[in-house]
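The values are calculated or read from the model by the stated rules, or taken from the named source; none is laboratory data. Since we're looking at a predicted model, the values are computed, not measured. As a convention, Cβ positions derive from the backbone with ideal geometry for all residues, glycine included, and neighbour counts pool all protein chains shown. The accessibility values were calculated without ligands, DNA or RNA, using every heavy atom of the protein model including side chains. Shrake-Rupley method; radii C 1.70, N 1.55, O 1.52, S 1.80 Å.
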Amino acid sequence: MSLALVKYLPTSGTIPFIRGRFIALGLSALFIAFSMFEFATVGINFGIDFRGGIQTEVVADETTAIEDLRTTANALGLGEARVQGAGSAGEGLTTYLISLPLQEGEGLEGEAAQNDAREALETALEAAYPTIDMRGTTVIGGAVSGELIITGFTAIGVALFLMLVYIWFRFEWQYSVGAIIALTHDVIATVGMFSLTQMTFDLATVAAILTIVGYSMNDTVVVYDRIRENLRKYKRKPLEEVLDLSINNTLSRTILTSVTTLVALISLYLIGGTALKGFAFAMIWGVLIGTFSSIFVAAPILLFTNVQRDSSDS
C-alpha cells in the first residue's frame with residue numbers, strides 16, 4: 001500500500017477561485033491601504049543599518065531587567081537607548097541588543113563621537129554588570145546608513161521593473177500588468193506587516209523582500225503558463241472557467257512548494273538565532289502573501305486586462 005501523501009493533494013479540482021475575485025481583491029485593497037496608512041503614521045522600526053548609531057550585543061543573566069539596562073544606557077546622556085531581548089543564549093542566560101542613536105558630527109568628528117559613545121556604553125555596562133558578556137558592537141555612521149536606505153529600496157524597485165519586462169517578453173503585456181500588480185501587492189504587504197509588528201527592518205529584510213519577489217514571480221509564472229496552455233486548448237471555454245481550471249491544475253504544485261518552504265523557514269525562525277529572525281519572519285509572511293497573490297490577484301487581473309486568446313498561440 002502506498003503511503004505517499006501527494007496522492008491526496010488536489011490535481012483536477014473545481015474550486016471556484018475566480019468567483020470570489022471581488023472579495024479577494026477587495027480584501028487585498030483594504031490590506032494595502034492599511035499597510036500604507038500604518039507606514040505613514042507609525043513608520044518602520046529601522047535597524048542600525050538604516051538609521052545609523054551604535055548597537056551592542058550582550059549576554060546577561062535572564063533575571064536582568066530590560067528596564068535596568070535601558071536606565072544604565074540612558075544615564076550616559078547619549079540619546080534615548082533601545083533595549084530588546086533577542087532570545088536565549090543558554091541555560092539561565094539571555095541575549096540583549098542595546099542601541100544608541102546616531103551621535104552628532106560630520107566626517108572624522110562624527111566618527112570620533114560614535115567611537116567615544118561606543119566606549120562609554122561598553123564601560124558603563126561592564127561596571128554595572130560585572131558578569132556581562134560583551135558579544136560585539138556595531139557602529140554605523142549617518143552617511144553609510146543614508147546610502148544603504150537608497151540602495152536597498154532602489155534594489156527593490158529595479159527588481160520589480162525587471163520582472164515586469166521579463167513577463168512582457170515571456171508572455172504578453174496583459175500578463176505583465178497582473179504580475180507587477182501582484183508583486184507590488186506582496187512588497188507593500190510585507191512592509192506593512194513590519195510596520196504593524198515593529199520588528200526590526202534591516203538589510204536582511206531587504207534581502208528577504210527581494211527573495212519574496214522571486215518566489216512570488218515563480219509561482220505566478222507557473223499559473224500563467226498553465227493559463228496560456230489552457231487558452232490554446234479550450235478556445236471556446238469562457239475565460240473565467242479557463243482561469244479556474246488553470247489554478248486548480250497547479251494547486252497541488254503550489255501547496256507542495258509552499259508547505260516545504262514554510263517548514264524550512266519556520267525552523268530557521270525558531271532556531272536560527274537573532275540575526276536570522278527578521279529574515280525568516282519576512283520570508284514566512286512573503287510565502288503566504290505571495291501564494292495568495294498568485295491565485296487571487298495575478299490570475300483575476302487577466303479578466304480586467306482582457307487577455308487575448310490569439311496572443312496565446314504565439
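Listed values, structure above:
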{"quantity": "The lone exception for A143 - which of (1) at pLDDT 70 or above; (2) in a helix (DSSP H, G or I); (3) more than 16 Å from L76 (Cβ to Cβ); (4) among the small types (G, A, S) it fails", "calculated": "(1)"}
{"quantity": "Condition check for L210: open to solvent by 40 Å² or more (accessible area, probe 1.4 Å), over 14 Å from I284 (Cα atoms) and not β-branched (V, I, T)", "calculated": "no"}
{"quantity": "Selection count where residues are crowded, with 21+ Cβ neighbours inside 10 Å and among the aliphatic types (A, V, I, L, M), scope the range 23-58", "calculated": "3"}
{"quantity": "Search result, residues across the range 124-139 that are within 11 Å of I54 (Cα to Cα) and open to solvent by 50 Å² or more (accessible area, probe 1.4 Å)", "calculated": "T138, V139"}
{"quantity": "A275 buried (at least 19 other Cβ atoms within 10 Å of the Cβ) and modelled with pLDDT under 90", "calculated": "no"}
{"quantity": "Members of the range 166-176 that are assigned to a helix (DSSP H, G or I), open to solvent by less than 50 Å² (accessible area, probe 1.4 Å) and of a type outside the set (S, T, Y)", "calculated": "I167, Q174"}
{"quantity": "Any hit, the range 111-123, residues being surrounded by fewer than 18 Cβ atoms within 10 Å (Cβ to Cβ), of a type outside the set (D, E) and modelled with pLDDT of 80 or more", "calculated": "yes"}
